[in-house]
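Below is one structure, written out as structure tokens; comments come after it.
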Amino acid sequence: MFRASGRAGREEYQERLSLQRDEGKFAQGKIGLLQYVTVGVFLFLVGGYWNLQIRNEDVYSLKAERNRIKSFPIPAARGKILDRDGRVIVDNHSSFSVLLSRENLQEEHLAPIAEGLNLDYEELVARLNRFRKRPKYQALILKQELTPAEIAFVESHRDPDTFPELELIHTERRVYPGNGFAAHMLGYVGEISESELNQPEFVKNQPGDLVGKTGLERQYNDILTGEDGQRQVLVNNKGEERRVLGFKAAVPGESIQLTIDLDLQTVAELAMEGKRGAVVALDPRNGEVLALTSRPSYDLSKLASRDRGAEWREITTNPEKPLLNRAIQAQLAPGSTFKPFVALSALESGEVDENTSFGCGGGFNFFGRYFHCHKKSGHGGTSLKKALAQSCDVYFYQVGNRIGIDQIAKWAEIAGFGKKTGIDLPAEASGTLPSTKWKIRALRERWYGGDTISVSIGQGYLTATPIQLAHGMGGLVMGGVWHTPHLRKGDAPQKAARKAEIDLTHVRTIMDGVCDVVNGGGTAGRSRLPNGEFCGKTGTAQIASNEYQKAKGIRLKDNAWFVAFAPRVNPEIVVSVLWEEGEHGPDAALIARDVVKAYLDKRARKQYSQGAGEGVQVKLEQPAGLSSGERTAEND
Amino acid sequence: MIVLLAQLVLLAVQVKNNQDVRLIRVWAVTAITPLARVLEGVRANTIGLAGEYWELWNVRSVNKQLQAELDKTKLENHYLREELATAKRAEAMAAFVQRNPSKTIGARIIGAGAGASSKVVFIDRGSTSGVMRGMAVITPDGIVGKVTSAYPTGSMVVMITDPTFACGVISNKTRIHATAKGQGNNQLLVDYIQNEQTVEVGEVFYTSGDDRIFPKGLPVGTVRVAKPGKLFKEVYIAPTAFDKGLEEVLVVLEGVHQQLPEWNLQTGEGPMAKPLPPPEGSGDAVPVPASPTPATAPASTSSEGVGPTTDADRLLNRYKELGAEQGVTFGAGGKIPNFNAPKTPKPAPEKN
């Protein structure tokens, strides 16, 4: 056949052969490609397997575990804050909080969640951004103290099909007294800030933790803070709980007992209602703070929540500065309440004695400038006691001029002016105690005689806080023993008292003069108590000089001060009152009077109950301390 | 021989009896009669049995025919009853839709989720009808559930008895706000009611509007159990929506809050007998958009009154009272307060 076909047949044969070869090559190519693809896929799978099982085994196993196991924190209750009699000032109560599980978070859910929980969306996003650095399994507390309506919202939307990132937890929330009661002293808790995280005192904390922000909540944060618990649950692929795997109960924080007497604190709060200022009551025998209030105040409950935005803005922009704890931070001229300390300086210097007298004609000319007395008609011939009782400015101008600023500063410093008292509250101010050195150091100026005249009546460069004034007067009436003011009662270590060698007759002279302020026809006769046990010194301090006010065409109301002690013999309580723009010191005395009355009445109740218990009518206590008469005689 | 002998004997008997019948005949008759009787009996019985069988055969077929007719009539009857019930439900639903201010759309239940314990149903309305995920599903008798998935022509509804379901509720008797939660059975737990609060069996809980899914004022359930619990009161309610079966439902496209029916304090009668108030003139009718993106629903307030207090708060109030009794304004001069004065007893309230 081949032969028969000839040349054409041969060509056809060769063509067929060539075609068969091409088909064979193509088939081989296909098989080769398939082999390569298979090998490639295999290598890809092996690579993925390597990545999953060997290279990042820890990461993926952890992720898988977290998908299966969910952890919920159980916040520990903070310790309570009690008064000296064990009455509860700051409590806890049961409430609900909502957590945001960032593992399950879908960004598009944030807006409706914020809407449903009445949260500010922008603020929520900002908070989430602050949390970015934390592991995702750590949930964010979205809102605390949920209302029944908010609980209903969370419960009805936290199903796997709606907002699975929401989780409801039961917590213990802080209950603070209402009406801003003792707000500055107690302080509040809040979410730790970025700046606080860098501070040594919060080294144990993590972002999102609730910590004491101010006041005692901050001061004793470590004691009050408990240890959070945790609940681990097994969840299915829908996020539904199937089994509890682990449970660690929360350990509540320790309670602290204060030296505060709620009865006195309450009266101080009521007496300062509607005013701007502060009241501090101390036991001069040991430095225990019996009452400490500052007004205007703010609602602690509103600031103690994580979503305090609106309230915070309102408070921080309030021109009356309600956040300022005036009891320890208001640095203002103490006015005539400083005169007892000038008198102490004068007596201790030996330049002046009890009988030293100066004439007051309503003012006096010093260094070419006329300094007025508050009584334009003048006090006439004035002794030290009378000068104290009637607050004669001219007398103290003369005294100051005679002894000089450094003598005043020496004894004022001993009494605690110009430095922090050391009270166990954060951010105490030190005030300003001027001296020749101080002026050169602080103002780069030399001291002028006229400066001394102003300081000798508690004005000029001198500033003090209400607690300094109470502390100073406390040490003075104790005969030169200044105990550090403190708020925590019990076994807490206290700083040792400062003692100074003071002639007790000088102290007696000053105390008598101060008692005459109230009981001897002095400037605060209106606040006299029937038993004559209430003593104190008024102060009416200018905020700015007359020249400044004239130049500015303004009339600024004076600050009213009063520093008191009681009883007259063996004082047990010292009270200082600052009433900003109260205008008249005697009006501030009325506030102190009511606080002292509350103390004396309570003391009488105690004595009566003790006496009744022992079958005795009344058993008077014999507290240690300095009396104005008997004690000195005994000690002498 | 024997035969002959027998013949002779028989002949003797015949002679003695003096009968005029031949002996052979007697023998024949005697021998044949029983057999004839048997045969006649067999014949008669066979003919009767065949006749009866024939008749029975006809009765059975007639019975079958009658049974078929009865079944048909029953079916027709059932159908007509269903039609009547449907018409009644439609009438009730139409009346409900007319007086309910919320914008709703009717839907029919077309299926249930797989599994005996499934608390999910499917309805024949979907996204093309405006149904969206999170919308409330109700009937005139109460709430049914909420839409969890919306498809073009159908939607999945999780019912209120599902364990994942919860909604805000309020008692129209005591105005207690709480959260009703599905339990997987035919009861709902009403949670977060303080043990000190009063809830009575027979009381009805309505939607509170707090959840921003259901508009306020729709019946949820009647209290079956109310007893003190460990942390909160244990209150269980029976849902009212399932009392009359569940075939047609309404999907709330745009909810409007309504007033709660008033509880008759005089008679103690429940509110279920009374119709919901018409939307006109209802003071607190507030539109509530369908979840999950509510915009205007107001957050409801709690009825629990003042919050927790401390000893400091109580003492402050006592001293305020003391000041008022003695005419003292603290820190303002005038009368000196006497903190040891006995407390003035409050006057007893006058009896009517």
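The values are calculated or read from the model by the stated rules, or taken from the named source; none is laboratory data. This one's a predicted model, so the numbers in the text were calculated from it and none came from an experiment. For neighbour counting, all protein chains shown are included, and Cβ atoms are generated from backbone atoms with ideal geometry for every residue, glycine included. These accessible areas exclude ligands, DNA and RNA; they are computed on the full protein's heavy atoms, side chains included. Shrake-Rupley method; radii C 1.70, N 1.55, O 1.52, S 1.80 Å.
Under the condition of being under 24 Å from A:Pro112 (Cα atoms) and either open to solvent by 10 Å² or more (accessible area, probe 1.4 Å) or free of Cβ contacts under 8 Å to residues at least 40 places away in the same chain (or both), the residues counted in the range B:214-232 number 1. Answer yes or no as to whether A:Ala139 is within 12 Å of another protein chain (Cβ to nearest Cβ), out of contact with any Lys or Arg (no Cβ under 6 Å at 6 or more places or on another chain), buried (at least 18 other Cβ atoms within 10 Å of the Cβ) and not β-branched (Val, Ile, Thr). Criteria not met by A:Ala139. Among the numbered conditions (1) within 21 Å of A:Leu300 (Cβ to Cβ); (2) open to solvent by 30 Å² or more (accessible area, probe 1.4 Å); (3) of a type outside the set (Gly, Ala, Ser); (4) outside any strand (DSSP E or B), the only one that A:Leu146 does not meet is (2).
If you go through the range A:422-430 one residue at a time, do you hit one that is within 21 Å of A:Gly350 (Cα to Cα) and touching a strand residue (DSSP E or B) at 6+ places or on another chain (Cβ under 9 Å)?
No, the range A:422-430 has no match at all.
Figure legend. Inter-residue proximity from the range A:155-177: first residues within 19 Å of B:Met135 (Cβ to Cβ), second residues in a helix (DSSP H, G or I) and of a type in the set (Ser, Thr, Tyr), beta-carbon distance below 9 Å, spacing 6+ or different chains. Indicated pairs: A:Thr162/A:Ser156. Within the option set A:Asp161, A:Asp120, A:Asp58, being open to solvent by 50 Å² or more (accessible area, probe 1.4 Å), within 13 Å of another protein chain (Cβ to nearest Cβ) and of a type outside the set (A, V, I, L, M, F, W, C) holds for one residue only, A:Asp161.
Inside the range A:404-438, can you point out the residues that are at positive phi and open to solvent by 40 Å² or more (accessible area, probe 1.4 Å)? Listed by number, the list holds a single entry, A:Ala427.
Report whether or not A:Ala126 is among the small types (Gly, Ala, Ser) and away from chain B (no Cβ under 14 Å). Against the criterion (among the small types (Gly, Ala, Ser) and away from chain B (no Cβ under 14 Å)), A:Ala126 qualifies. Within the range B:157-179, which residues are assigned to a strand (DSSP E or B), open to solvent by 10 Å² or more (accessible area, probe 1.4 Å) and more than 9 Å from chain A (Cβ to nearest Cβ)? Listed by number, the list holds a single entry, B:Met159. I'd like to know if the range A:439-451 contains one or more residues that are in contact with a Gly (Cβ under 6 Å, 6 or more places away or on another chain) and buried (at least 18 other Cβ atoms within 10 Å of the Cβ). For the range A:439-451, residues in contact with a Gly (Cβ under 6 Å, 6 or more places away or on another chain) and buried (at least 18 other Cβ atoms within 10 Å of the Cβ): present. When the test is whether a residue is away from chain B (no Cβ under 14 Å), within 22 Å of A:Ala560 (Cα to Cα) and more than 14 Å from the chain's Cα centre (by Cα), A:Ala310 does not pass it. One residue stands out in the range A:184-202 among those that are within 27 Å of A:Val98 (Cα to Cα) and in a helix (DSSP H, G or I): the one that is nearest to the other protein chains (Cβ to nearest Cβ), namely A:Leu186.
Residues in the range A:291-344 that are part of a helix (DSSP H, G or I) and of a type in the set (Asp, Glu) were compared, and the one that is most open to solvent (accessible area, probe 1.4 Å) is A:Glu314.
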